[in-house]
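Quick note: the coordinates plus some simple rules give every number you see, no bench work behind them. No experiment lies behind these values; they were computed from the predicted model shown. FYI the Cβ positions are ideal-geometry reconstructions off the backbone, even for glycines, and counts take in every protein chain you see.
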Amino acid sequence: MCGRFTQIQSRDDYLAFLIEEAESDIPYDPEPIGRYNVAPGTKVLLLNNRDDSLHLDPVVWSYAPGWWDKAPLINARVETASTSRMFKPLWNHGRAIVFADGWYEWKREGDKKQPYYIYRKDRKPLFFAAIGKQPFDARDEAEGFLIITAAADKGLVDIHDRRPLVFTPEAALEWMNPETAAAQASELAHDAAVPADEMIWHRVTQAVGNVKNQWPELIEPMSDMK
């Protein structure tokens, strides 16, 4: 699953890796976002394509339609999201991208759960596949967005059996394109994800478990921490 991640760099750093030129209404902003502990239930910058232009909107990371009588959801499984009654409309018409630098997972080690920070070996940005309720710039806040997850593979499965679906820049743009059919989106989800062998991870401090903590030290390897 994906229950916590980072959005550290500036929006321009993420966009520069995504595409050199794109029609968008996104104003220049060189300031780092600086979120080292993004938690569910908070507003997150969500990249989406509408009206032939890229947009960044602050959208709540959770989804609970009016008829849903359980806790809000934060993830949707790639294996079923395109066909389920709950998620199919979002898959068809509400595909988006979440910028990230890495994500956290917890692994049971002895009598405690040890947090790990997972990121690309080359430290390039991650583009998480997401789905949500359109329009993203005006909505019921209970109906925000979910991050798509896939089965973990290779070494990542030793940390957790699920992982966020991470796209290459090219696949991220095609995923968001309103002209991309639902079946094409499913092909992307299965064929265009960044593979696990491009990821690396290390243990981090237990302090990441407190959503109020937002320090740069949260992502440092434990061996480097004082």
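Each row is one residue, and each column tells you yes or no for (1) more than 17 Å from the chain's Cα centre (by Cα); (2) not aromatic (F, W, Y).
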position	(1), (2)
Y116	no, no
F128	no, no
K133	no, yes
A152	no, yes
N177	yes, yes
E198	no, yes
W215	yes, no
L218	yes, yes
Could you grab me the full set of residues in the range 169-226 that are in a loop (DSSP other than H, G, I, E, B) and either among the basic types (K, R) or under 21 Å from L90 (Cα atoms) (or both)?
-> N177, P178, E179, T180, A181, A192, K212, K226
Only one of L165, L156 is more than 25 Å from A207 (Cβ to Cβ) and surrounded by 14 or more Cβ atoms within 10 Å (Cβ to Cβ); which?
-> L165
Filter the range 41-58 for residues that are in a loop (DSSP other than H, G, I, E, B) and among the polar types (S, T, N, Q) and give the result.
-> T42
Answer from F99, F136 - the residue that is assigned to a strand (DSSP E or B) and either touching a residue at least 12 places away in the same chain (Cβ under 8 Å) or out of contact with any helix residue (DSSP H, G or I) (no Cβ under 7 Å at 6 or more places or on another chain) (or both) = F99
